[in-house]
Amino acid sequence: MKIFSIESSCDETSCAVLENGRLVLSNIVASQLDKHSLYGGVVPEMASRLHCESIVGVCDQALKIAGFKLAQIDAVAVTFAPGLIGALLVGVNFAKGIAMGIGKPLIPVHHIKGHVAANYITHKKLEPPFLALVASGGHSSIVEVKDYTNFNPVGQTIDDAAGEAFDKAARAMGLPYPGGVYIEKASLGGDPKKYKFPFPKTSNKYDFSFSGLKTAAINLIHNIKQRNGELDISSLAASFQYTVCCILSEKFISAAERYGYKKIVLAGGVAANSLLRDMLEQKAKMLDMDFYYPAPEFCGDNAAMIGCQGFYEFLAGNIAGNELNAVASHKL
Ligand code: KG4
Ligand code: ZN
């Protein structure tokens, strides 16, 4: 079965063609990063306009590389939620048009489920059930993946997402957007224990709270600057990254023990972070758990992960009609 998929929930316009769920025939990602980085973060209205400008070209390229015409596609999968509403609307309406034009099913995909599915592309034998940690610019959630389409959240952020915390702290440190990548680069050679950050408490022990950390980083920088002290950016980046990764990995592992999972899966843009992967790798080894994470090209937003999840949604009978609408926030 050949699925054509579309992702446009934030600042990447992406189209892909997949065969039987896990084989990626093409995956084109047009990033808007250089445009948004001028403003230090994603400008929603600009994101929508840029999606409109590039979606036709990205679609054509994905089909060309896969070597298929639209008429040969069996179904169209699209991210319908959650995300920036204007950005989602571009992908959803484009997908509806294609599905209607070729007379094939339209499959709605939840973006977070797509992030988890990125792991099926990388690890061909991986199957649910398992416990997943999805950490991205918009989400930080610990979820039980009971089967391919049945998810049960056990913890999530009560304020900022992990990636958002990286982005905001990086901005305060004078590093470019997206912050996670630049904090990781800046941390090389830095001392992760030089600056102390709080470990925020949450009433549900598997929830996350990152907004206090971001404020702590901003206050620390102001204090040092006010005293004309010397700011060691490398150690500040290393200390901030170390704290976020400790929080994510400790809560995730603790939830895996509590809910009895021996298979754990990392997903989302922050899954590209080497320290987070190393910490989880070590903890999983000690506890005899199997740990999976996606190949780097499938960590950030891409349509291949949406096509992969779309395949399993299709098998579960999850097909949308033409009334499908984009939804900015939608529970798993
Ligand atoms: O999944 P994603 O591409 O988009 C959303 O769904 O939000 O995630 C983007 C987020 C950004 O906040 C970015 O700073 C973060 O992922 N990120 C990283 C790294 N690479 C991307 N965070 C930490 N370390 C990285 N290497
Ligand atoms: Zn994402």
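Take each peptide in 284-295, 156-167, count the other Cβ atoms within 10 Å of every residue, and average; sorted highest first, the result is 156-167, 284-295.
Ordering 220, 89, 52 by the projection of their Cα atoms onto the charge dipole of the chain, which places +1 on the Cβ of Lys and Arg and -1 on the Cβ of Asp and Glu, puts 220 at the extreme positive end. Cα extents for region 215-284 along the principal axes, largest to smallest and rounded to whole angstrom: 50, 21, 20.
The residues of the chain expose on average 42 square angstrom of accessible surface per residue, using a 1.4 Å probe on protein heavy atoms.
Cα centroids of region 259-284 and region 67-133: 24 Å apart. Take 92-100, 6-14, 199-207 and order them by the average number of nearby Cβ atoms within 10 Å per residue, most first; the result is 6-14, 92-100, 199-207. Global size of region 126-296: 16.1, 55 Å for Rg and Dmax (C-alpha atoms, Rg to one decimal, Dmax whole). Cross-link check: pairs 35/113; 225/251; 196/251; 35/193; 125/205; 193/251 evaluated at a Cα-Cα cut-off of 25 Å; pairs beyond the cut-off: 35/113; 225/251; 35/193; 125/205.
Within the accessible area of the chain, what % is carbon and sulfur when the probe is 1.4 Å and the other protein chains stay in place? The value for the chain is 54 percent carbon and sulfur by accessible area. Peptides 307-315, 25-33 ordered by packing proxy, namely the average of other Cβ atoms within 10 Å per residue, highest first: 307-315, 25-33. Shape index of the chain: Rg/Rh, with Rg the Cα radius of gyration and Rh the Kirkwood radius from the inverse mean 1/r over Cα pairs, equals 0.99. Taking a point 7 Å out from the Cα of residue 297 in the direction of its Cβ, the residues of region 89-124 whose backbone N falls within less than 12 Å of it are 122.
In the chain, the DSSP beta bridges split such that about 60 percent are antiparallel, to the nearest 5. Computed per residue of the chain from DSSP H runs no shorter than four, each worth -39500 (n - 2.57), the mean residue ellipticity at 222 nm is -14500 deg cm²/dmol. Computed from backbone phi, the HN-Hα couplings of region 169-182 come to 5, 4, 4, 5, 7, x, 9, x, 8, x, x, x, 4, 6 Hz, rounded to whole numbers (Karplus: 6.51 cos²θ - 1.76 cosθ + 1.60, θ = phi - 60°; Gly and Pro given as x).
The values are calculated or read from the model by the stated rules, or taken from the named source; none is laboratory data. All values derive from a computational prediction rather than experimental measurement. Backbone-built Cβ (ideal geometry, glycine too); neighbour counts: all protein chains shown. Ligands, DNA and RNA are excluded from the accessible area calculation, which covers all protein heavy atoms including side chains. Shrake-Rupley method; radii C 1.70, N 1.55, O 1.52, S 1.80 Å.
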